[in-house]
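The values are calculated or read from the model by the stated rules, or taken from the named source; none is laboratory data. Note that the structure is a prediction, hence the values are computed from the model and not measured. Positions of Cβ are backbone-derived with ideal geometry, glycine not excepted, and every protein chain shown enters the neighbour counts.
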Amino acid sequence: MTQQLILDLLPAPSPTLDNFVIGPNQEALDALRHCQPGRAVYLWGAPGAGRSHLLQAIAADEHACYVSAQRAHQVLHDIATADNLSWRRIAVDNVELLDQAGQAALFALYNRWREVASTPEAFALILAGDRAPLSMPLREDLRTRLGWDLVFRLQLLSDQDRVQALTTRASERGLSLSPDVINWVLTHYSRDIRQLSALVDALDRYSLAKHRAITVPLLKDLLASRQDTNP
């Protein structure tokens, strides 16, 4: 079974700031928790560092908007040119993928953000990309704007962080994972912590249904059964 198939079979829980495993990224998480209208935060890091998790989490309520690069042009243009602004947080993900029209729309949004920063229409702007601002494959005036306020590099979780995340998630469900189960997961599974959480949840349900302890054979049986039911 390929890793991608395993990930497809085990949907991840919805991202929140609380289920983000911090690791070495405490400063970035604190900045997001306290990000007020009128401020901007740019996050960058390698795939799997948690950029999309944090942006989706920060934009999860009715006063926030999450925008992916694939549909950014029209959405960002509409926000930047709206007569009245109702959003308090706008999150723009994968900015390195913006086409020319998307970059122009984000540039306009930055200008609107600056214009209303000290007014009741002020909003926070949270963005994420795969590299530092000045290294982005974007127009020059947009690259400089990415670094206007707070910038944080997200670091990948270490194996120790992932062990702690697995152990904590299992403990929350009243489970105890043996070292061989944890080692198997670390060797064969994704670094995405939401996928790890989904795996623990699935193991819990499966072990209860089968009346078996959580072992490596049970884990393999679970993944095999998911493959059989999702060809």
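Is it true that some residue in the range 167-185 is surrounded by fewer than 18 Cβ atoms within 10 Å (Cβ to Cβ) and within 30 Å of Tyr42 (Cα to Cα)?
yes
Being at pLDDT 90 or above and surrounded by fewer than 16 Cβ atoms within 10 Å (Cβ to Cβ) is the filter here; which residues of the range 154-166 pass it?
Result: Gln155, single match.
Any residue that is at pLDDT below 90, outside the structural domain of Pro37 (by TED's automatic domain parsing), under 22 Å from the mean Cα position of the chain (by Cα) and within 24 Å of Leu32 (Cα to Cα) - is there at least one of those in the range 169-180?
yes
Taking Ser171 as the residue in question, decide whether it is small (Gly, Ala, Ser) and closer than 25 Å to Ala60 by Cα.
no
Please verify whether Asp201 is among the acidic types (Asp, Glu), part of a helix (DSSP H, G or I) and either in contact with a Gly (Cβ under 6 Å, 6 or more places away or on another chain) or in the same structural domain as Leu32 (by TED's automatic domain parsing) (or both), treating the condition exactly as stated.
no
Residue-by-condition table, conditions (1) touching a Leu at 6+ places or on another chain (Cβ under 6 Å); (2) surrounded by fewer than 19 Cβ atoms within 10 Å (Cβ to Cβ); (3) under 18 Å from Ser86 (Cα atoms):
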site: Pro15; (1), (2), (3): no, no, no
site: Asn19; (1), (2), (3): no, yes, no
site: Pro24; (1), (2), (3): no, yes, no
site: Gln36; (1), (2), (3): no, yes, yes
site: Ala49; (1), (2), (3): yes, no, no
site: Leu55; (1), (2), (3): no, no, no
site: Ile58; (1), (2), (3): yes, no, yes
site: Cys65; (1), (2), (3): no, yes, yes
site: Leu76; (1), (2), (3): yes, no, yes
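Looking only at residues in the range 117-149 that are more than 18 Å from the chain's Cα centre (by Cα), surrounded by 15 or more Cβ atoms within 10 Å (Cβ to Cβ) and of a type in the set (A, V, I, L, M), which one is nearest to Glu27 (Cα to Cα)?
Leu146
Just need a number here: residues in the range 131-156 that are of a type in the set (Phe, Trp, Tyr) and either assigned to a strand (DSSP E or B) or free of Cβ contacts under 8 Å to residues at least 12 places away in the same chain (or both).
1
For the range 52-106, how many residues are touching a helix residue (DSSP H, G or I) at 6+ places or on another chain (Cβ under 8 Å) and of a type in the set (Ser, Thr, Tyr)?
2
From the list Ala209, Ala213, pick out the single residue that is loosely packed, with under 15 Cβ neighbours inside 10 Å, without any contact (Cβ under 8 Å) to a residue 12 or more places away in the chain, part of a loop (DSSP other than H, G, I, E, B) and outside the structural domain of Ala60 (by TED's automatic domain parsing).
It is Ala213.
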